[in-house]
1. Which helices (runs of 4 or more DSSP H) sit wholly inside the range A:163-282 and have at least 3 residues that are modelled with pLDDT of 95 or more and either more than 14 Å from chain B (Cβ to nearest Cβ) or surrounded by 24 or more Cβ atoms within 10 Å (Cβ to Cβ) (or both)?
2. Which pairs do you get when a residue that is on the phi < 0 side of the Ramachandran plot, found in the range B:89-110, comes within reach of a residue that is open to solvent by 60 Å² or more (accessible area, probe 1.4 Å) and part of a loop (DSSP other than H, G, I, E, B), reach meaning Cβ atoms under 7 angstrom, with the pair 6+ apart or on two chains?
3. Looking at B:Ala20, B:Ala54, B:Ala44, B:Ala67, can you tell me which residue is under 30 Å from B:Leu298 (Cα atoms) and either modelled with pLDDT of 90 or more or within 11 Å of DNA strand C (Cβ to nearest atom) (or both)?
4. If you go through the range B:308-325 one residue at a time, how many are open to solvent by 30 Å² or more (accessible area, probe 1.4 Å) and under 23 Å from the mean Cα position of the chain (by Cα)?
5. Does the range B:236-251 hold any residues that are more than 19 Å from B:Asp192 (Cβ to Cβ) and touching a residue at least 24 places away in the same chain (Cβ under 8 Å), and which are they?
6. Scan A:Thr142, A:Thr63 and give me the residue that is at the interface with chain B (Cβ under 7 Å from one of its Cβ atoms) and touching a residue at least 12 places away in the same chain (Cβ under 8 Å).
7. Between a first residue in the range A:283-297 that is within 14 Å of another protein chain (Cβ to nearest Cβ) and a second residue that is of a type outside the set (A, V, I, L, M) and part of a strand (DSSP E or B), which pairs have beta carbons less than 7 Å apart while being 6 or more apart in sequence or on different chains?
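The values are calculated or read from the model by the stated rules, or taken from the named source; none is laboratory data. Just so it is clear, the model here is predicted, and its values are computed rather than measured. Backbone-built Cβ (ideal geometry, glycine too); neighbour counts: all protein chains shown. In case anyone asks, the SASA skips ligands and DNA or RNA and just uses the protein heavy atoms, side chains included. Shrake-Rupley method; radii C 1.70, N 1.55, O 1.52, S 1.80 Å.
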Number of protein chains: 2
Amino acid sequence: MAVKKPSIREVAAYAGVSTATVSNVFSGRKPVNDELKKSVLEAAEHLGYQIDRAASQLRSGRTRIIAVLVPDLTDTFFATIVSRLETQAFAEGYDVIVASSHDDPSVESSRLKALLSWKPAGLIAVPCSSSIPAELIEIEKTLPMVLVDRVASEGAIADTVTIDNREAGQIAARHLLEHGHRDIVIAVSDLDYPPIFERAEGAAGLIAQRTGARPVTLRLGTNMEAGAGIFSDWMDRNTAPGAVIALTNVTTLSVLSALAERRIAIPDRTSIVAFDDYAWMAARNTGLTAIRQPVDQLAETAWKRLQLRMDMGMEAPAEPSVLNASLVVRDSVRDVDSRKPHPVGNNAPDTALPGEGLLTTSRQGKNIH
Amino acid sequence: MAVKKPSIREVAAYAGVSTATVSNVFSGRKPVNDELKKSVLEAAEHLGYQIDRAASQLRSGRTRIIAVLVPDLTDTFFATIVSRLETQAFAEGYDVIVASSHDDPSVESSRLKALLSWKPAGLIAVPCSSSIPAELIEIEKTLPMVLVDRVASEGAIADTVTIDNREAGQIAARHLLEHGHRDIVIAVSDLDYPPIFERAEGAAGLIAQRTGARPVTLRLGTNMEAGAGIFSDWMDRNTAPGAVIALTNVTTLSVLSALAERRIAIPDRTSIVAFDDYAWMAARNTGLTAIRQPVDQLAETAWKRLQLRMDMGMEAPAEPSVLNASLVVRDSVRDVDSRKPHPVGNNAPDTALPGEGLLTTSRQGKNIH
DNA sequence: CTGAAAGCGCTAACAG
DNA sequence: CTGTTAGCGCTTTCAG
């Protein structure tokens, strides 16, 4: 029933101390005698006192807000990142304000403005396109911020956290090559996204090096059904490829959808390496072999960097963090040539095909790091 | 370089008006002469002025914050709701603070407290369990709030938005019955969640009415792999059922996973009706017939109700909104008895099996409302 | 270590 | 319609 909320003053009066002491008890910015502290806490408890963030923020200029901007909350990849960030931030006493740009630069810019008007303590953003918005560049000097995923790791204007996308592409390509595949199509969403471009480069480069020709790269866009149509049309004009590397979650769906519609058997007729590892990929008759991004680790790294940046201030140079993707082997890639299945390098395998890795096993598939 | 942010006063000075006028221009709470308004806007633009939310909030006591609490951001269903809410709220000048309870009541309660300390203008919550947290009951009288999904629609303490879960269960059951299925297993996550309980009730009731026996109900929990194990174990002790109704996104995955592991053909050996309609369900050789919840509509309804509540105040009685799920027909249900395929009712089909509906078609499947 | 007092930037109330 | 003025609740000097 207590409609009226107690302020710091009533707590101070009740505890028989000054407002400054109460403030210090709650903010912890100055030490307070244990006895006093206890009576303040009791008074607060008794009155049901809760600090008023607005007032606190206005006076101190500081905030416990972390702004998070992603292209699309509906995408499990981004949602997972937000979820982890939320958990971490909360544990450290921060609250998270989310905004989604819906992959639209103009929305992104207006959401960004709204986010910044909170004067957040930090910003974690997944920009929606390669061109980092002008807003970000401008505020970069004054606001701790880290950019995740949709950025080129070199030449970044701020701290970045990404996976080694080139390597990720190579892992997929190498897996296919090692299984004797040569007729490989690379399915991408949009080459304007730096990670996609790099994945495509990594995969195409390795394939070219082995086969002497760059593979076909198909742009399927970011809409599953449209992408399925594009891939289907392409198959009309050509034949179904021996294998496809899908460099994105939705391109994976597009490819599967088009393949299913045409009753093309996986992996018997065409093999597939998917991107991003989701639960549904295991819940099929032929589980999907996929490149897994370490999503949780991505989020944790971003959070740690942001904390560092908030502590260090803006002087320290921007630094990129690059994590590694791994391959989860299931059943969607077949052996083309059973005579010499594995080693693909002719004479110097390790120099030709860099990045050998750990091999572990899980219930869901073999995990090759 | 403008490290120092301009306040309302500099804008006022620059535009040659008073601070109150500037305030009115930005808040729109009082009309301002067009000419003055223009010069204020120009001044603001010129100085790069941005309203300080903390100060505004402190003074006015009002806030443009909507608190959103969900059990799990990682679940596409909830993420979609959050995403829609975020969009809607932003369009009306609100910002969204999200919190995830990770399906843990104690986390829920502490997150709730944090959320409330923002003194949000409204709260939209998907509680994590049936027992609505005491905090919510307490604040219900003072804070506009709407509860979504995880609530019983009757006896609610606040505005609620749900689907007709009983009907949803019936739709699934009826579809199977109409295709001649009798050996039906219902796979649920946890019967403590009211929506799940109601879906199970709806399905089981209809099946019992038709077959004279209540179907087996299996509790697979909320973890996909564990659920697959449970279902697999059950099949060890019995045989694979003729059909299964999976009442949840993750139970669907559990069931598929267990079936795939045992190479049980869908729908030839066992048919399946899934819950929640996701992209991957269409991107398979045998597309999944599924109950689709109108997620977007759920979010929009919740937002509209909240707005209403924010306008009306707390006096108006709490009101439940109930939306309808629909059936998306794909290929995972087979005709058991091809002689008399469709009508299941013996003599009075419509009274025995309520809820006939619209029938539309989409690229992805036939959509029976 | 604690208390007194001065605002942070804004909006509400009221007077013009 | 616009200007003046008085705080919102807190944190922060600065003295004690």
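1. Values: elements: A:165-178, A:194-211, A:224-237, A:249-261, A:279-282.
Fully inside the range A:163-282 and qualifying: A:165-178, A:194-211, A:224-237, A:249-261.
2. B:Tyr94/B:Arg64; B:Asp95/B:Arg64
3. Details: B:Ala20 fails: under 30 Å from B:Leu298 (Cα atoms); B:Ala54 fails: under 30 Å from B:Leu298 (Cα atoms); B:Ala44 fails: under 30 Å from B:Leu298 (Cα atoms).
After ruling out the rest, the residue left standing is B:Ala67.
4. 8
5. Pass one, the range B:236-251, residues more than 19 Å from B:Asp192 (Cβ to Cβ): B:236-244.
Correct list: B:Ala240, B:Pro241, B:Gly242, B:Ala243, B:Val244.
6. Values: A:Thr63 fails: at the interface with chain B (Cβ under 7 Å from one of its Cβ atoms).
So the residue among A:Thr142, A:Thr63 that is at the interface with chain B (Cβ under 7 Å from one of its Cβ atoms) and touching a residue at least 12 places away in the same chain (Cβ under 8 Å) is A:Thr142.
7. Close Cβ pairs (under 7 Å, with a partner that is of a type outside the set (A, V, I, L, M) and part of a strand (DSSP E or B)) amount to A:Gly287/A:Gly365; A:Ala290/A:Phe275.
Conditions tested, residue by residue: (1) near DNA strand D (Cβ under 9 Å from one of its atoms); (2) more than 9 Å from every other protein chain (Cβ to nearest Cβ); (3) charged (D, E, K, R).
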site: A:Gly16; (1), (2), (3): no, yes, no
site: A:Thr19; (1), (2), (3): yes, yes, no
site: A:Ala54; (1), (2), (3): yes, no, no
site: A:Leu69; (1), (2), (3): no, yes, no
site: A:Ser83; (1), (2), (3): no, no, no
site: A:Glu92; (1), (2), (3): no, yes, yes
site: A:Asp104; (1), (2), (3): no, yes, yes
